[in-house]
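J.: Let me begin by handing over the structure; questions about it come next.
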C-alpha cells in the first residue's frame, strides 16, 4: 500500500456552502464534501493547515475564507514560529494557515498558492497513535516524544502529523471540548482502517 493521502472528505450540513468555500480557496481538488450523517458538537479533533511562503498569503487566505463564508478565529499575526491565523469553515472544520516568514518576501501580494497542506490530528496519546501508523507502514519524518510526530509522505497531496488534542485546539484558538463524529474521512493508501482516536481512512474510489 502507498503511504500517501490523496484527499480528505469533510461532512457538512450544507454541502453547497462548504463546496463553494473550498472552491474559493483553490482546495476543492484535495477537500471533498459529503452530507453529514452523524451529530458533531464543538472541536472535531483535527485541523487542516495550508503552509505558505509569505505572510501576505496568510492574510489573503483568511480574507478569502471570510468572504467565502468562513468565520475568522485568529487574525493573522506574528508568533515565535512565523506568521499565522485560523478560520472555521462553513462545515465546522478548523483551518490554520501559516508562513515560517514573519516579513513579506514580495513587493506585491503573491498569488494564493500553498507550499503544502498538513492534516494535524489531535490525539489522546501521541505515542500510541504513532505506533499505529508506523505499523500501517507510514515512515516517521520528525518525532518529539509524546508532543509531536510528523510522517514522511513524499508523494502525498496532504501531509500527516500528530499532536495532543489540547495542544491542537490551543494552537487553532478554539475550545478543546467536543463530542460526536469527527466528520472527516482520510482518503489514501491505507485502505479501510480506523485509528485509535476514531479517525476513519478509506481507499480512493474517485474516478
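Quick note: the coordinates plus some simple rules give every number you see, no bench work behind them. Values in this document were obtained by computation on a predicted structure and should not be read as measured data. Quick reminder, even Gly has a Cβ in these numbers, built from the backbone with ideal geometry, and neighbours come from all protein chains shown.
J.: Just to confirm my filter: which strands (runs of 3 or more DSSP E) fall fully inside the range 76-156 and include at least 3 residues that are touching a residue at least 40 places away in the same chain (Cβ under 8 Å)?
T.: Values: elements: 82-88, 94-99, 116-123, 140-144, 148-151.
Filter on the range 76-156 gives 94-99, 116-123.
J.: In the range 16-30, which residue that is touching a strand residue (DSSP E or B) at 6+ places or on another chain (Cβ under 6 Å) and not in a loop (DSSP other than H, G, I, E, B) is surrounded by the fewest Cβ atoms within 10 Å (Cβ to Cβ)? Break it down into steps so the answer makes sense when it comes.
T.: Going residue by residue through the range 16-30, those that are touching a strand residue (DSSP E or B) at 6+ places or on another chain (Cβ under 6 Å) are 18-19, 22, 30.
From what's left, not in a loop (DSSP other than H, G, I, E, B): 18-19, 22.
On the way: 18: 25, 19: 17, 22: 21.
Looking at the filtered set, the residue picked out is 19.
J.: Of all residues in the range 195-205, count the ones that are touching a strand residue (DSSP E or B) at 6+ places or on another chain (Cβ under 7 Å) and exposed (fewer than 12 other Cβ atoms within 10 Å of the Cβ).
T.: 0
J.: Tally up the residues in the range 43-53 that are surrounded by fewer than 18 Cβ atoms within 10 Å (Cβ to Cβ) and touching a helix residue (DSSP H, G or I) at 6+ places or on another chain (Cβ under 9 Å), please. Write out each step before concluding.
T.: So in the range 43-53, the residues surrounded by fewer than 18 Cβ atoms within 10 Å (Cβ to Cβ) come out as 53.
Pick out the ones that are also touching a helix residue (DSSP H, G or I) at 6+ places or on another chain (Cβ under 9 Å) and you get none.
Residues meeting the conditions: 0.
J.: Follow-up. Output the residue which, of all residues in the range 157-207 that are without any contact (Cβ under 8 Å) to a residue 12 or more places away in the chain and either in a strand (DSSP E or B) or closer than 14 Å to residue 121 by Cα (or both), is nearest to the chain's Cα centre (by Cα). It would help to see each step written out before you state the result.
T.: Step one: of the range 157-207, the residues without any contact (Cβ under 8 Å) to a residue 12 or more places away in the chain are 170, 192, 194, 205, 207.
Retained after the next criterion (residues that are either in a strand (DSSP E or B) or closer than 14 Å to residue 121 by Cα (or both)): 170, 194.
Values: 170: 15, 194: 18 Å.
In this case the residue turns out to be 170.
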